[in-house]
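The values are calculated or read from the model by the stated rules, or taken from the named source; none is laboratory data. Please read these numbers as outputs of a predicted model, since none were measured by experiment. We place every Cβ from the backbone using ideal geometry, glycine too, and count neighbours over all the protein chains shown.
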Amino acid sequence: MKSIVARYQLTAHAQQSHGVFQWQRRMGVHLAFHQNPTNILIHAIFSVLNAWAVLLMAYPFEVFGIAIAGVPLDMAMVTLLVSFFIYARLDVGGAVVTTLLFASTYPLCPWVFELVGQSSLLMLLLGVVLTVLSLAIQVFIGHGIAEQGIDDAMDNFAETFESKNPIYITLLPFYTYLDLMFMVGYKPTLAKFVKDITTELRPKLEAELLGENK
């Protein structure tokens with residue numbers, strides 16, 4: 001995010017607080033790359049698939065000695081709980097919606113686990129395949145076609161590797177669902193704050209794209 005802010009010399013709300021992890025500015029920047037309705041729909045659908053892939057990979061591993069209502073705690077549950085608390089630090093309403101969407105895939109985990117013969121390795125492989133498939137559709141169809149090449153995937157991955165902080169990339173699907181909530185009237189003041197940043201950046205991205213295509 002910082003590299004994008006510097007590259008395009010963004011000034012909207014630059015002197016104001018952007019919340020924990022600077023998430024409001026991050027969201028505004030991120031949404032500038034997600035303005036096409038088809039791309040937004042693709043991300044809304046495949047972010048859930050991506051979350052399910054993570055839960056599949058985590059499900060076979062139990063936290064020994066800990067149970068909730070008699071049910072052994074597994075790492076998929078832990079992943080959902082940790083995600084909720086991270087998202088709740090940004091916005092509780094958005095955290096509830098996002099976590100419920102992700103948690104809706106959890107009941108499929110034990111079914112798939114039985115289907116693969118309770119093989120942790122096959123669960124990991126399936127999770128990796130679904131992750132690659134989900135990301136490929138979002139990048140190549142959502143951004144490559146719907147957004148005509150406007151994409152921040154490389155910046156997101158670069159920041160993750162450079163900062164060694166996975167939280168920033170974990171927040172990306174949260175932005176998608178919070179944006180949809182904004183569209184139906186959720187927290188209009190916050191929505192405008194984020195939109196101001198998006199509105200400043202998007203024309204610069206489109207102008208850059210036009211320059212590249214000339």
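Regarding the stretch 10-21, can at least one residue be identified that is within 13 Å of the chain's Cα centre (by Cα) and either assigned to a loop (DSSP other than H, G, I, E, B) or not aliphatic (A, V, I, L, M) (or both)? No, because not a single residue in the stretch 10-21 is within 13 Å of the chain's Cα centre (by Cα) and either assigned to a loop (DSSP other than H, G, I, E, B) or not aliphatic (A, V, I, L, M) (or both). With respect to I145, determine if the residue is modelled with pLDDT of 95 or more, among the aliphatic types (A, V, I, L, M), under 30 Å from E212 (Cα atoms) and surrounded by 17 or more Cβ atoms within 10 Å (Cβ to Cβ). So I145 fails the test.
In summary, L126 fulfils each of the numbered conditions (1) within 14 Å of the chain's Cα centre (by Cα); (2) modelled with pLDDT of 95 or more with the single exception of condition (1). Restricting I169, I86, I150 to those that are surrounded by 13 or more Cβ atoms within 10 Å (Cβ to Cβ), modelled with pLDDT under 95 and of a type in the set (A, V, I, L, M) reduces the list to I169. Looking across the stretch 157-209, just one residue is touching a Pro at 6+ places or on another chain (Cβ under 9 Å) and among the hydroxyl-bearing types (S, T, Y), and that is T160.
Scan the stretch 9-34 for residues that are surrounded by fewer than 16 Cβ atoms within 10 Å (Cβ to Cβ) and at pLDDT 95 or above and the total you get is 0.
Confirm whether D151 is among the charged types (D, E, K, R), outside any helix (DSSP H, G or I) and touching a residue at least 40 places away in the same chain (Cβ under 8 Å).
yes
Among the residues of the stretch 172-192, the ones that are surrounded by 18 or more Cβ atoms within 10 Å (Cβ to Cβ) and either of a type in the set (D, E, K, R) or under 17 Å from M1 (Cα atoms) (or both) come to 6 in all. Scanning the stretch 45-57 finds no residues that are at pLDDT 95 or above, buried (at least 18 other Cβ atoms within 10 Å of the Cβ) and in contact with a His (Cβ under 9 Å, 6 or more places away or on another chain). Just so you know, in the stretch 103-126 the residues that are touching a residue at least 60 places away in the same chain (Cβ under 8 Å) and touching a helix residue (DSSP H, G or I) at 6+ places or on another chain (Cβ under 8 Å) include one that is surrounded by the most Cβ atoms within 10 Å (Cβ to Cβ), and it is M123. Tell me which of these N165 doesn't satisfy, since it passes every other one: (1) in contact with a Gly (Cβ under 8 Å, 6 or more places away or on another chain); (2) not in a helix (DSSP H, G or I). Among (1) in contact with a Gly (Cβ under 8 Å, 6 or more places away or on another chain); (2) not in a helix (DSSP H, G or I), the lone unmet condition for N165 is (1).
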